[in-house]
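K.L.:
Below is a structure I'd like to ask you about.
The values are calculated or read from the model by the stated rules, or taken from the named source; none is laboratory data. This structure is a prediction, so every number in the text was calculated from the model and none was measured. Heads up, the Cβs are rebuilt from the backbone with ideal geometry, glycines too, and the neighbour counts pull from every protein chain shown. Calculation scope for accessible area: heavy atoms of the full protein, side chains included, ligands and nucleic acids excluded. Shrake-Rupley method; radii C 1.70, N 1.55, O 1.52, S 1.80 Å.
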Amino acid sequence: MAILNKEEAQAILKKVLSFSKAEFCEISLNGSDGGNIRYARNAVSTAGQISVMDLAVSSTFGKKTGTATINEFDDASLQKVVKRAEELAMLAPENPEFMPLLGAQDFEESPTYNENTAAMTPDTRAEMVGKSLQVSKAANLEAAGFLENSTRFAAVMNSKGLFAYNKRTNVSFSVTVRNQAGTGSGYIEQQFNDLDKMDTLALSKIAASKALGSATAKAIEPGKYTVILEPLAASDMLGNMFRGFDARSADEGRSFMSKKGGGTRLGEQLFSENVNIYSDPMNPDVPSAAWSEDGLKVKRTQWVEKGVVKNLAYSRYWAGQKGVAPVPFNRSIVMEGGTQTLEELIKSTEKGILVTRFWYIRSVDPQTLLLTGLTRDGTFYIENGEIKFPVKNFRFNESPVIMLNNVEALGKPVRTGSGMIPPMKIRDFTFTSLSDAV
């Protein structure tokens, strides 16, 4: 019962709404069905199948709202959860930032659902993991990984006539491959809506190659280097930056988008001219629902154009405070790039460092977005367009804002997490010390 189609979800929501006696009522219904396999030291350790569905009712009287949830769907249970939400609303304090419900909207259907992904079985997962283990065993390496697939739906309805529905699929895979001595490590991580795009064999070969290639790492002096950031490493840095595209935190002086003396840096050129960032729920590579949790339409939004900040995300409440239209944020980010491959970026580099990924990233200064963290799972020295040898991992201190001002070249964007991110060639990236971790 975990995955309901649009009509089935609508029928349940209408029934629940008919039980409401509140001034305003909003109900959300969510379900997921999927499975996973976890493995370590070249052997499967756990496997499972999970199927869940739950419903949340928010009842409002004036500016007082109460919310109750339930995962039982007989009439008595549905009546009970509505009554409980109304009781809680009567006990709640008034919400000073209360926003009235939105009425009916016309939402597009985004391409988030894939039949092949939805049809995955335990046998499918076992075969995919078997291909990964085949690589590590053949190379006398040890692999630890996680494969997970899911089909989800979300639906919302309110007493003002709004109804929205989305069904989506996802398959994600990550694996760490190490040599027997524990001196070399490689890592790869990928996810797609479409199962046909997921190649665990090819991905595991990349991780294994890094594990073998990083086993004899040399120590070199920390300092400022030209770096080639693989898309995963670039995504690790940019994820922190994207959270700063929030108008309220900028207006309140809490982010790197805050202007000294008040206001925001909207309209300023903060990055290199070759930086263009947008989100689009209809993008076939990174699709997402065409509606936000509060019922706003989500459409293509240009966040950065030629280095200039074009938009910030405004909640309905904050948009009302500032007299502007609300702009929902969409995490399906696309950063435009060029046509070069990672290999071509390496060939164009006289001296530099190739970074597979970062980890343990922490904020040092929110105002400048200065971050610190460590490289991991394959860091290599480049000379005359070739990878010469592996190097010991570094601690870095760098801001994504400065990083995107020092872009020398961008490669072809690839799916990384929930976005499309290109490999990047960055000058003067700051490494501050060495790390013995692999």
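K.L.:
So which residues in segment 151-186 are of a type in the set (K, R), over 23 Å from the mean Cα position of the chain (by Cα) and crowded, with 18+ Cβ neighbours inside 10 Å?
P.N.:
Taking segment 151-186 and keeping what is of a type in the set (K, R), we get 152, 160, 167-168, 178.
This time we only want the ones that are over 23 Å from the mean Cα position of the chain (by Cα), so: 160, 178.
Passing the criteria: only R178.
K.L.:
Output the number of residues of segment 6-29 satisfying the condition of being more than 18 Å from Q79 (Cβ to Cβ) and open to solvent by 60 Å² or more (accessible area, probe 1.4 Å).
P.N.:
4
K.L.:
When the residues of segment 218-232 are filtered to those that are in contact (Cβ under 8 Å) with a residue 60 or more places away in the chain and more than 30 Å from G417 (Cβ to Cβ), which remaining residue is least open to solvent (accessible area, probe 1.4 Å)?
P.N.:
Let us first name the residues in segment 218-232 that are in contact (Cβ under 8 Å) with a residue 60 or more places away in the chain, namely 218-220, 222-232.
Now narrow it down to the ones that are more than 30 Å from G417 (Cβ to Cβ): 218-219.
Details: K218: 106, A219: 66 Å².
Taking the candidates together, the pick is A219.
K.L.:
Please verify whether segment 62-70 includes one or more residues that are within 26 Å of K297 (Cβ to Cβ), without any contact (Cβ under 8 Å) to a residue 60 or more places away in the chain and buried (at least 18 other Cβ atoms within 10 Å of the Cβ).
P.N.:
So far as segment 62-70 goes, yes, one or more of its residues are within 26 Å of K297 (Cβ to Cβ), without any contact (Cβ under 8 Å) to a residue 60 or more places away in the chain and buried (at least 18 other Cβ atoms within 10 Å of the Cβ).
K.L.:
Does I353 satisfy being in a strand (DSSP E or B) and modelled with pLDDT of 95 or more?
P.N.:
Numbers: in a strand (DSSP E or B): yes; modelled with pLDDT of 95 or more: yes.
Taking the combined requirement at face value, the residue satisfies it.
K.L.:
Taking the conditions exactly as written (over 22 Å from A164 (Cβ atoms), free of Cβ contacts under 8 Å to residues at least 40 places away in the same chain, within 29 Å of the chain's Cα centre (by Cα) and surrounded by 13 or more Cβ atoms within 10 Å (Cβ to Cβ)), does G48 satisfy them or not?
P.N.:
Working: over 22 Å from A164 (Cβ atoms): yes; free of Cβ contacts under 8 Å to residues at least 40 places away in the same chain: yes; within 29 Å of the chain's Cα centre (by Cα): yes; surrounded by 13 or more Cβ atoms within 10 Å (Cβ to Cβ): no.
Taking the combined requirement at face value, the residue does not satisfy it.
K.L.:
Could I ask something else about it? Does any residue of segment 377-384 turn out to be more than 17 Å from L229 (Cβ to Cβ) and either of a type in the set (A, V, I, L, M) or under 20 Å from the mean Cα position of the chain (by Cα) (or both)?
P.N.:
Step one: filter segment 377-384 for residues more than 17 Å from L229 (Cβ to Cβ), giving 383-384.
Next cut, either of a type in the set (A, V, I, L, M) or under 20 Å from the mean Cα position of the chain (by Cα) (or both) only: none.
No, there is no match, as no residue in segment 377-384 is more than 17 Å from L229 (Cβ to Cβ) and either of a type in the set (A, V, I, L, M) or under 20 Å from the mean Cα position of the chain (by Cα) (or both).
Yes/no per residue for (1) out of contact with any strand residue (DSSP E or B) (no Cβ under 6 Å at 6 or more places or on another chain); (2) closer than 13 Å to N158 by Cα; (3) assigned to a strand (DSSP E or B):
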residue: E8; (1), (2), (3): yes, no, no
residue: R38; (1), (2), (3): no, no, yes
residue: Q49; (1), (2), (3): no, no, yes
residue: V57; (1), (2), (3): no, yes, yes
residue: P96; (1), (2), (3): yes, no, no
residue: A104; (1), (2), (3): yes, yes, no
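For every residue, the table says whether it meets (1) hydrophobic (A, V, I, L, M, F, W, C); (2) closer than 19 Å to L404 by Cβ.
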residue: E221; (1), (2): no, no
residue: K224; (1), (2): no, yes
residue: D246; (1), (2): no, yes
residue: G262; (1), (2): no, no
residue: S272; (1), (2): no, yes
residue: N276; (1), (2): no, yes
residue: M282; (1), (2): yes, no
residue: V286; (1), (2): yes, no
